[in-house]
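Reading through the structure tokens given below for one structure.
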Amino acid sequence: MTFMTTAKSMATLDAAIVGAGFAGLYMLHRLRELGFSARIYEAGSGVGGTWYWNRYPGARCDVESLEYSYTFSEELRKEWQWTERYAAQPEILRYLNHVADRFDLRRDIQFDTKIAVAVFNESEKQWLIETDGGDRVAATFCIMATGCLSAARVPDFEGLEIFQGKQYHTGHWPHEGVDFTGQRVAVIGTGSSGIQSIPVIAGQASQVYVFQRTPNFSVPAHNGPIAEDVKQDWQENGPKYRAIAESTPFGLLVQSKPAAHSALEVAAAERERVYEQGWQAGGFGMIAAFPDIVINRESNDTAAEFVRNKIRGIVRNPAVAEMLTPKDYPIATKRLCIDTGYFETYNRDNVTLIDARATPVEALTRTGLRTRDREFEVDSIVFATGFDAMTGALNGIEIRGRHGEALKEKWAAGPRTYLGLMAAGFPNLFTITGPGSPSVLSNMALSIEQHVEWIADCVAHLRDHGIATIEASAGAENEWLNHVNETAHQTLFPLANSWYMGANIPGKPRVFLPYIGGVPAYRQKCDEVAARGYEGFVLGERAARSPA
Ligand code: N01
């Protein structure tokens, strides 16, 4: 155990919250409302989480702004006006800053502070937490609001340190922005971050080399201003729309009217019409059109082929179009990208696509990078190479539960949780949108609110009943893990080498990380568990003194 005992004097809290993004901010607010003492520890110098770090050009949310919002406060909902259908990063960051100010959250946030160690003290029934600056705090509850896509990853290419130009990761973008005007730029990676940033970078740079290992399916956003009547409608009916979204598998309104039948049960021309309608509407609508697209390979092929044909129709050079056309995994089993002018970008003279599967990047050089075939001289390299998703941020903290067990070791073969909320052996440690919950397979704003409210109700229940600890039982955790796996394997998702499967990180166990049983079933399960006195959890002995 590496918890240091020589550090400064120790503050005590009811709850320590790690991370000041969407999840941490609401958690703090909710706990305060319930009369608990709580404090957020945040690595960044400001609030925002994902939206604080991911400032790359073109960064936007792929969930529509009106849905990607908190609903817990009627006043907040009514006073905030989104300008665009898909808000850009600066606007989302402004929103989260507004939330922090409006609810006076900053006085309980410690910025520029990473949590290095969190150890459960069995005799005191407290988490002993230490920051990278040596501050210590004891907290009854430790709540991880660390985000699902927050541990940015640069592949360990040889020569990273010898390249003389500038290197950037999309997930750690400089706050002052980057002007690529006149530069030769290499972009490595064509996931959502690459697909959003490449068109904007290509508009500035003299030359862009895109290194693509796996082509991605992407559909247009058709972004634009939100019409006044739509805003007005949401002002009046926002809660009604959220309730409808909660009844859909991914918690998205666009899924609220799926066809009642398989994609295969309609004639080809009708299917084409439906896909075209979805494509023209923009966003996830196209793949939400039929309920079996992520379940039935044949149905999936119809949607995939529609998008492949779109790519072939947009990209003028047939050889480049073929390289950009995904062929070896079902559509939507890697996160579907939502773009603005992505495929069109390859019609520009200053953009060159390199097949990084046929000729992988071998090393960075002093002046650029090298594949087996060729050297590329560039001024800047953009790593759009993704994240150690869902477990990376948690495993980056030394978390030790009962008997000194490390969470990282417990999760060596893949994360084990009950409901994505708690892990057996780690009492009073909650993970907001943790692995095993719908999280990234849902509107994050909706799932975050559900988890925050469930956790807040839970700790209030413990306080009100004088209960010191709660933890997942090993049996419930096992059952849930089996259910998460079985449900995933009833879909096509495991067929792709995606970050959902941990496949993007060399050596990471290949297990499906989120829960794909759908938002309604998941919410119902969480509600039932709580109503039955936290069934599947072990409630610890009465506290000598209850928290708060
Ligand atoms: O990361 P990714 P991301 N050599 O992992 C490639 C959310 N998000 O930051 O597919 C060459 O998807 C890798 O190739 P491959 C969203 O949930 C949302 O783009 O592994 N290439 C892949 O092309 C999203 O899904 C929004 O073969 C290498 C790319 O890097 C998630 O974040 C915007 C490589 C990584 O793609 C992650 O997106 C942005 C190597 N050695 C992000 N290593 C919106 O809301 C990796 N790659 C719209």
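Looking at the stretch 463-483, can you tell me whether even one residue there is part of a loop (DSSP other than H, G, I, E, B), in the same structural domain as Trp127 (by TED's automatic domain parsing), within 20 Å of Pro249 (Cβ to Cβ) and away from the ligand (no atom under 16 Å from the Cβ)? The answer is no, given that none of the residues of the stretch 463-483 is part of a loop (DSSP other than H, G, I, E, B), in the same structural domain as Trp127 (by TED's automatic domain parsing), within 20 Å of Pro249 (Cβ to Cβ) and away from the ligand (no atom under 16 Å from the Cβ). Restricted to the stretch 315-352, and to residues there that are of a type in the set (Asp, Glu) and closer than 25 Å to Arg184 by Cα, the residue that is surrounded by the fewest Cβ atoms within 10 Å (Cβ to Cβ) is Asp349.
For the stretch 241-265, name all the residues that are surrounded by 13 or more Cβ atoms within 10 Å (Cβ to Cβ) and over 15 Å from Met286 (Cβ atoms). If the condition is that a residue be surrounded by 13 or more Cβ atoms within 10 Å (Cβ to Cβ) and over 15 Å from Met286 (Cβ atoms), then Tyr241, Arg242, Ile244, Ala245, Glu246, Ser247, Thr248, Pro249, Gly251, Ser262, Leu264, Glu265 are the ones that fit. The number of residues in the stretch 494-518 being among the aromatic types (Phe, Trp, Tyr) and in a loop (DSSP other than H, G, I, E, B) comes to 2. Within the stretch 278-301, being more than 12 Å from Val219 (Cβ to Cβ) and part of a helix (DSSP H, G or I) holds for Arg297, Glu298, Ser299, Asn300, Asp301. Only one of the listed residues (Thr487, Thr491) is assigned to a loop (DSSP other than H, G, I, E, B) and either over 23 Å from Ala393 (Cα atoms) or in contact with a His (Cβ under 8 Å, 6 or more places away or on another chain) (or both). That residue is Thr491. Look through Leu353, Leu446, Leu364 and report the one residue that is touching a residue at least 60 places away in the same chain (Cβ under 8 Å) and under 30 Å from Ile17 (Cβ atoms). Criteria check complete, one pass: Leu446. Cβ contacts < 6 Å: first residue β-branched (Val, Ile, Thr), restricted to the stretch 487-510; second residue within 14 Å of the ligand (Cβ to nearest atom), any location; separation 6+ or different chain. Result? Cβ pairs passing all conditions: Ile505/Asp388. In the set (1) of a type in the set (Val, Ile, Thr); (2) crowded, with 21+ Cβ neighbours inside 10 Å; (3) in a helix (DSSP H, G or I), the condition left unmet by Val274 is number (2). The strands (runs of 3 or more DSSP E) found entirely in the stretch 116-199 that carry 2 or more residues being polar (S, T, N, Q) and farther than 22 Å from Leu93 by Cβ are 126-131. Within 12 Å of the ligand (Cβ to nearest atom), touching a residue at least 40 places away in the same chain (Cβ under 8 Å) and charged (D, E, K, R), is that true of Arg184? Spelling it out, it is not the case that Arg184 is within 12 Å of the ligand (Cβ to nearest atom), touching a residue at least 40 places away in the same chain (Cβ under 8 Å) and charged (D, E, K, R). Here the strands (runs of 3 or more DSSP E) wholly within the stretch 302-388 that include at least 2 residues being under 27 Å from Tyr86 (Cα atoms) and within 14 Å of the ligand (Cβ to nearest atom) are 337-339, 380-383. The single residue among Glu479, Glu471 that is loosely packed, with under 15 Cβ neighbours inside 10 Å, acidic (Asp, Glu) and in contact with a strand residue (DSSP E or B) (Cβ under 9 Å, 6 or more places away or on another chain) turns out to be Glu479.
Restricting attention to the stretch 189-211, the residues that are within 15 Å of the ligand (Cβ to nearest atom) and out of contact with any helix residue (DSSP H, G or I) (no Cβ under 7 Å at 6 or more places or on another chain) total 11. Residues in the stretch 92-115 that are touching a Lys or Arg at 6+ places or on another chain (Cβ under 9 Å) and either in a strand (DSSP E or B) or of a type in the set (S, T, N, Q) (or both): Ile109, Gln110.
Residue by residue, here is whether (1) under 30 Å from Tyr56 (Cβ atoms); (2) within 16 Å of the ligand (Cβ to nearest atom); (3) of a type in the set (A, V, I, L, M); (4) outside the structural domain of Leu394 (by TED's automatic domain parsing) holds:
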| residue | (1), (2), (3), (4) |
| --- | --- |
| Lys125 | no, no, no, no |
| Asp132 | yes, no, no, no |
| Val137 | no, no, yes, no |
| Thr140 | no, no, no, no |
| Met144 | yes, no, yes, no |
| Gly147 | yes, yes, no, no |
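The residue that is surrounded by the fewest Cβ atoms within 10 Å (Cβ to Cβ), among those in the stretch 59-99 that are touching a residue at least 24 places away in the same chain (Cβ under 8 Å) and basic (Lys, Arg), is Lys78.
One residue stands out in the stretch 152-181 among those that are away from the ligand (no atom under 11 Å from the Cβ) and over 27 Å from Gly341 (Cα atoms): the one that is surrounded by the most Cβ atoms within 10 Å (Cβ to Cβ), namely Phe163. Taking the conditions exactly as written (among the β-branched types (Val, Ile, Thr), surrounded by fewer than 18 Cβ atoms within 10 Å (Cβ to Cβ) and outside the structural domain of Ile295 (by TED's automatic domain parsing)), does Thr487 satisfy them or not? Judged against the criteria, Thr487 is a match. Kindly provide the set of residues from the stretch 210-242 that are without any contact (Cβ under 8 Å) to a residue 24 or more places away in the chain and either outside the structural domain of Asp355 (by TED's automatic domain parsing) or assigned to a helix (DSSP H, G or I) (or both), ordered by number. Across the stretch 210-242, the qualifying residues are Glu228, Asp229, Gln232, Asp233, Glu236, Asn237, Lys240. With respect to the conditions (1) at pLDDT below 95; (2) out of contact with any Ser or Thr (no Cβ under 8 Å at 6 or more places or on another chain); (3) of a type in the set (A, V, I, L, M), Ala548 lacks only one, and its number is (2).
Return yes or no: is Gly396 within 15 Å of the ligand (Cβ to nearest atom) and touching a residue at least 12 places away in the same chain (Cβ under 8 Å)? For Gly396, the condition - within 15 Å of the ligand (Cβ to nearest atom) and touching a residue at least 12 places away in the same chain (Cβ under 8 Å) - is not met.
The values are calculated or read from the model by the stated rules, or taken from the named source; none is laboratory data. Quantities reported herein were computed from a predicted structural model and do not represent experimental measurements. Note: ideal-geometry Cβ built from the backbone for every residue, glycine included; neighbour counts use all protein chains shown.
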